[in-house]
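Take a look at the structure below.
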Amino acid sequence: MKANIKFKQKLILSAMTAILVGGLSTLAVAKDFPNKPIQLIVAFGAGGSTDTMARIFAKYAEEELGQRVVVVNRPGAGGELGWVHLANAAPDGYTLGLINSPVVEVYPFTREGSVGYSLDDIRPLANIITDPGVLAVAANSPYQTLESFVTAVQENPRSVVVSHEGIGGDDHLAALNFAKEADIDLNFVSYSGNAEATAALLGGHITAFQGNMSEVVNQINEGKVRGLAVWSNERIDAISQVPTGKEQGYDVLAAASRGFAVPAGVSQPVYDKLLSVTREVVENPEFLAEMAQLNMPVNPIYGQDYVDFIHESHDRLKALWDQEPWIEQ
Amino acid sequence: MPLNKIDSTLTVLIGALCAGVVWIGLGMRGDAGIFPVIAGSLGGLACLGIGINSFRRKRPDESQPPIAWQRFTLWCLCVLGLLGLMISVGTFVALVIFLLVSLCCLSDLRWPAALILAVSFSSLIYVVFVHLLAVPLPSGGLWNWLAN
Amino acid sequence: MDILFTALGNLVTPMALLTLLLGTLAGMAIGSLPGLSSTMGVALCIPITFSMPPDLALILLGAVYVSSVYGGSITAILLRTPGTDASIATALDGYPLAMAGRGGEAIGMATLASLFGGLFSVIVLITIAPPLSTVALAFGPQEYTVLAIFGLVTIVGVASDQPIKGVLSAAIGLILASVGLDAFTGAQRFTFGQRELFDGVPLLPVLIGLFSVSQAFNLCVPKSAGVLSSKRPQLQGRNLPLWSDMKRCLRTLLRSSVIGSVVGILPGAGTSIASFISYNEARRHSNTPEKFGKGELEGVAASESANNAVTGGTLIPTLTLGIPGNAVTAVFIGGLTIHGLIPGPSLFTQHAETTYTLILSLLLANILFAILGLWLCRYLVIVTKVPGAVLGPMILVFSVIGTYALRNEIFDVWLVIAFGVVGYFMERWRYPAAPLVIALILGPILEVNFRRSMQISHWDLTTFFTRPLSLTLCVLVVLALAYPLWNQWRRRNAQQ
């Protein structure tokens, strides 16, 4: 009997200690976070535009955090591999990842059954870059406006070839969206890199190029390429001569966004700390200047707003997919 | 085993594999299957050629030095051990143990020499990859598992 | 001309020369380690270059780029462990030479050939870059398709003593090349649900497995691999090739440099196409084609001058059109724009000073790595005297860690070991490994461009013969295929 009481006392005592220690340690985590290097997972290879942005961000974040920020490239499966690693990482705040919208939110339904993560496993932190989609033709092309392009496709659908960067990617979705809006059939050709596609456009091997603003801004400003439309709400400063799709009567919005996310289980204090660091970096004029020089349009969306942004985009694309899947199943 | 026997066995196996590739390729949607079908057929034809050649060949093959199976097995075990240790106890320890064991067993080096080589080479790798190139090498799941 | 002198003035400052030296040394190290590619080297340098003045930043990037391509030849020759696909063709003849004790001579030839190719392409870049950049635009999907076939034809030359086995090896490479998510339809092909395979079978683990890991097996497994019993080559003192050898190779050097520069201009064609086509052409024009693959200095010269000529070639579309010739120059564009330099014609007018500083730094980096290479090679060849069983474990460690570093994936490490075992047995059973790798590299280029051509031409196969450039390439392919056969027939006739 006595032994039993003692046992119970021990049990209560140890439980209390556990709670106390546990509580202290969460406090401690928020207070001296971070106390070791942080990993930043990039789901694409070294040297690409996502990677370049990550490495520049890491440089500024290190100053704010006082810890090394190590960029870890985990390319594979069009980004899925990196996001699986992000979703499965320990939710202690020492693993951050870059997510690329809209690709990150379409895999859960386009790859249903085989996909290795769900959007609920990832908690978006802050969007940094929004690179609007652009439909462009070569400068010597007969098409001056979106209207004349659409008419040409209606008259002779076989004469027009449009490039995009891989099926199911943001460019492909943008072009599909436009084709649906204009009620035309486009002949798509997939190009894996923007360099090859630009060369093909300038060489006259393809009619039009669906890509992102940052990829053709130099060629547009040099007058080698003509932007027919930019798929954004308003005109973009760097290419102010290019009208939006809306101005020309096609209500199409498309962009590639890059932002940060953490595994879903990260505690609120750590999440807040990372959010404030991101805010500091994004508001740093030097960081902004470097992004501007790389033609990466900064468009910060923080915290809950970004979470909503990703989920809204997911719901919109899911509805489109349910209506008419763009990859045959 | 003489080379032409190996060849004929291999061609049967790889030929079957190529046939499988062609079969799967024919079932693929759209034009996705064209390339696998071409590649598989090419492989099938090459297998046919090698197979016919190996049956026709009368003169004996030049003799090859036999594989030292004992050493081969030992070496394979070392390599598998390296990977297993990398995943479980971490890269640095794995490298030292792997180098020590393989140098001692396979190269007739005495253990002090092997130890010095193993430790210094592993340190070099660690400095170059972890510190200079900032590659997070596997640190071993065992420690995490023990900590929990 | 004035601008060249101003640019030269920028380069001969102590800071610039120090940057050049460090960049060259780092590049040579990166190039010679398996798994560390020149893309990775240049990408790692990008954050460092932010805080540097644009001149120094470009000098660093340029030096790392050209010397990392050269660095691959050293390990390819001495250990038969090519660090990247660009130096596979170098290993074909370089390693037999090293095993005959002529490693120093082979490295000497590789160094001089690299220097020749590098200088040639930089001079092309300085003199005729703008008109040549139109080549990048003239190549459409049809031309890329035929170019890829041209590359595949070289398998006949690489596997000359086992042609059918070479074809089988290439077929397996093509099958491996079709693994992954199809870019056109999104269909899964032979992925077996493995997420790591969705983007295809990664090239470098296969390459490192078939060459480096299998070499580690070769070195460790034989009974005579130990310290006490190993028989290693007697070194022959020569570190520079004979003048007569150089003279003999001059035509090959020139031809390979032209091929390298032109292939470099084409975005997405890749360094290895250039080195394999050059190797095959050298063999085709040689009086002693049977010596290729058994230790022919001319083979080393062909491959190395071509892969270094690619470096200048890739910069032509990068600087004139803003279209990067390969992954490394894509990183370069980032390095240029971050310093406010926008690739395009303005680089040769408004920012000519910085541009010519970059171009001249490539020139100097070429000369610098040649001097370093020639000086170091007498020490480096000693590696071939180390007993196999000591060398083998170290090569394996480099291969495993280098592969892991590529994309931080344990899956790739298993892949590299598996291909190592496959490579070991392929070599024993006389199945050449190089065709497999060539096919794995060229397969995607061939397939993607073939299907693009078909989509553009609406399934009209004559599209390959109705375009002048593509027709010319077709004729070259037929010549490359028919010439060896015709040669054989002619010799047989002469003997009778």
field: In the A-C interface, the accessible area buried, summed over both sides, Å² (probe 1.4 Å)
entry: 3700
message: Give me the percent of accessible area attributable to carbon and sulfur for the protein assembly as shown, probe 1.4 angstrom.
response: 64
query: Hey, what did the stretch C:2-495 get for relative contact order, percent, Cα under 8 Å, at least 6 apart?
result: 29
Probe 1.4 Å, protein heavy atoms only - accessible area per residue of the protein assembly as shown in square angstrom: 40
statement: In this structure, among A:LYS59/A:LYS224; A:LYS273/A:LYS318; A:LYS246/A:LYS318, pairs with alpha-carbon gaps over 27 Å are A:LYS59/A:LYS224; A:LYS273/A:LYS318
All aspartates and glutamates inside 19 Å of A:LYS36 as judged from Cα atoms, apart from same-chain residues fewer than 8 positions distant: A:GLU62, A:GLU63, A:GLU64, A:ASP92, A:ASP272
- prompt: Residue by residue through the stretch C:375-383, which ³J(HN,Hα) values in whole Hz follow from phi under the Karplus form 6.51 cos²θ - 1.76 cosθ + 1.60 (θ = phi - 60°), with glycine and proline marked x?
  reply: 6, 6, 5, 5, 7, 5, 4, 4, 3
message: As a test, work out the antiparallel percent of DSSP beta bridges whose residues both lie in the stretch A:132-239, rounded to the nearest 5.
response: 60
query: 222 nm [θ] for chain B, helices only, -39500 (n - 2.57) per DSSP H run of 4+, per residue, to 500?
result: -24000 deg cm²/dmol
- prompt: Once the Cα atoms of helix B:111-126 and of chain B are each reduced to a long axis, what angle between those two axes, in degrees from 0 to 90 to the nearest 10, is obtained?
  reply: 80
task: Note down the relative contact order for the stretch A:193-250 as a percent, whole number, built from C-alpha pairs under 8 angstrom at least six residues apart.
output: 23
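So how many Å³ per residue does the convex hull of the Cα atoms of the protein assembly as shown work out to?
Given the Cα convex hull of the protein assembly as shown, per-residue volume reads 199 Å³.
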- line: Per principal axis, largest first, the Cα atoms of the stretch A:132-239 extend in Å by 32, 29, 26
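Let's see if you can work this out: charge +1 on each Lys and Arg Cβ, -1 on each Asp and Glu Cβ, no other charges. What is the dipole magnitude of the protein assembly as shown about its Cα centre, in debye to the nearest 20?
Here the size comes out at about 4580 debye.
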- prompt: Relative contact order of chain A: what whole-number percent is it, with Cα pairs under 8 angstrom and at least 6 residues apart?
  reply: 25
Separation of alpha-carbon centers, the stretch B:74-126 and the stretch C:151-165, rounded to whole Å: 38
message: If you take every DSSP beta bridge fully contained in the protein assembly as shown, what fraction is antiparallel? Give it as a percent rounded to 5.
response: 65
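With each run of n ≥ 4 DSSP H residues scored as -39500 (n - 2.57), what mean residue ellipticity at 222 nm is computed for chain A after dividing by its residue count and rounding to the nearest 500 deg cm²/dmol?
Dividing the helical sum by the residues of chain A leaves -14500 deg cm²/dmol.
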- prompt: When the Debye formula is applied to the Cα atoms of the stretch C:252-291, each taken as the same point scatterer, what base-10 log of I(q)/I(0) results at q = 0.15, 0.19 Å⁻¹?
  reply: -0.35, -0.51
query: So what is log10(I(q)/I(0)) for chain A at q = 0.06, 0.15 1/Å, when the Debye sum runs over its Cα atoms only?
result: -0.26, -1.22
query: What is the distance in Å between the Cα centres of the stretch C:408-450 and the stretch A:256-301?
result: 40
- request: Compute the longest continuous run of chain B that contains no exposed trypsin sites (Lys or Arg not before Pro); treat a site as exposed when its DSSP state is not H, G, I, E or B and it has at most 15 other Cβ atoms within 10 Å.
  value: B:59-109
message: Can you show me the helix-derived [θ] at 222 nm for chain C, built from DSSP H runs with n ≥ 4 at -39,500 (n - 2.57) apiece and divided by the number of residues, rounded to the nearest 500.
response: -24500 deg cm²/dmol
task: Relative to the compact-globule scaling 2.2 N^0.38 Å, provide the ratio for the alpha-carbon radius of gyration of chain B.
output: 1.61
- request: Give me the distance between the Cα centres of the stretch C:32-80 and the stretch C:452-496, rounded to whole Å.
  value: 37
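The values are calculated or read from the model by the stated rules, or taken from the named source; none is laboratory data. Source: prediction; values computed, not measured. Every residue, glycine among them, receives a Cβ derived from its backbone with ideal geometry; neighbour counts consider all protein chains shown. When the accessible area is computed, the model is the full protein with side chains, heavy atoms only, and any ligands, DNA or RNA have been set aside. Shrake-Rupley method; radii C 1.70, N 1.55, O 1.52, S 1.80 Å.
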